[in-house]
Amino acid sequence: MSVWEKEIYSKNKQLNKYPYDSVVSFMFKNFGHLSTEERGKIKVLEVGCGTGNNISFLAQEGFDAYGIDISLSAINFAKKQLVKKNLNATLEVTSFSNLPYEETYFDVIIDRLAVTHCPEFIEESLIEIKRVLKINGIFFSIFFNTDHNGYTQSKDIKDNVINNFGIKQVINDYLSLAPTYFMDNDSIIIKKFFIIKDKVKIIREFNNISHSETQFILTK
């Protein structure tokens, strides 16, 4: 059982109902001009969809929405929300490193701070995401980066950091659920599998916490 199932979703925590602004902005910037009929032909997968807040948004906007998460409780909650809103989407419980889809199946894949929480399967997950992404498809991915307080204020940081393809893994108090990967400025592992079309670092300050993330627009 994953930590997200055991400690979060099965305990009715993080039951988000509203889409994240980063996902809304990305979709409208790239696909807002499409008609309802055209949107229905765009297959969009969110990896780590959680309770489906982004999935409901995608379905409501007319896209052919798919979502996966490792947590059964999260997927069940997401399905109930879709029924309440009379929306359709395809949801499955599976890992990012073993996607149950054919090659070049999706036009768009969204990863909002999901792969960054995969302590053992980042490379495998990116390989799978690349496999199911269409040749001219877009992968929108967000990683925590090394300016995040979760990285800069970690205790015994030298003992808890693993450098691997430009990824730094830290076990810390701020993000204590599981090891978290923080992307450095070189973004080596991203470059290994994808072409970077756009890269933006965003830092938000709240409650004396510096939340720093890097947003990528990627193709293969």
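Here are a few things to note about the model shown:
- Residue tally, condition part of a strand (DSSP E or B) and in contact (Cβ under 8 Å) with a residue 40 or more places away in the chain, over region 113-147: 12
- Matching residues, region 32-48, being surrounded by 11 or more Cβ atoms within 10 Å (Cβ to Cβ) and not in a strand (DSSP E or B): 32, 34, 38, 39, 40, 41, 42, 48
- Some residue of region 11-26 being within 26 Å of residue 220 (Cα to Cα) and either exposed (fewer than 12 other Cβ atoms within 10 Å of the Cβ) or at pLDDT below 95 (or both): yes
Let's see how each residue does on (1) of a type in the set (Lys, Arg); (2) part of a helix (DSSP H, G or I); (3) under 18 Å from the mean Cα position of the chain (by Cα); (4) within 17 Å of residue 129 (Cα to Cα):
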| residue | (1), (2), (3), (4) |
| --- | --- |
| 17 | yes, no, yes, no |
| 27 | no, yes, yes, no |
| 51 | no, no, yes, no |
| 78 | no, yes, yes, no |
| 107 | no, no, yes, yes |
| 111 | no, no, yes, yes |
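The values are calculated or read from the model by the stated rules, or taken from the named source; none is laboratory data. Remember, it's a predicted structure, so these values are computed and weren't measured experimentally. Every residue, glycine as well, gets a Cβ built from its backbone with ideal geometry; the counts of neighbours run over all protein chains shown.
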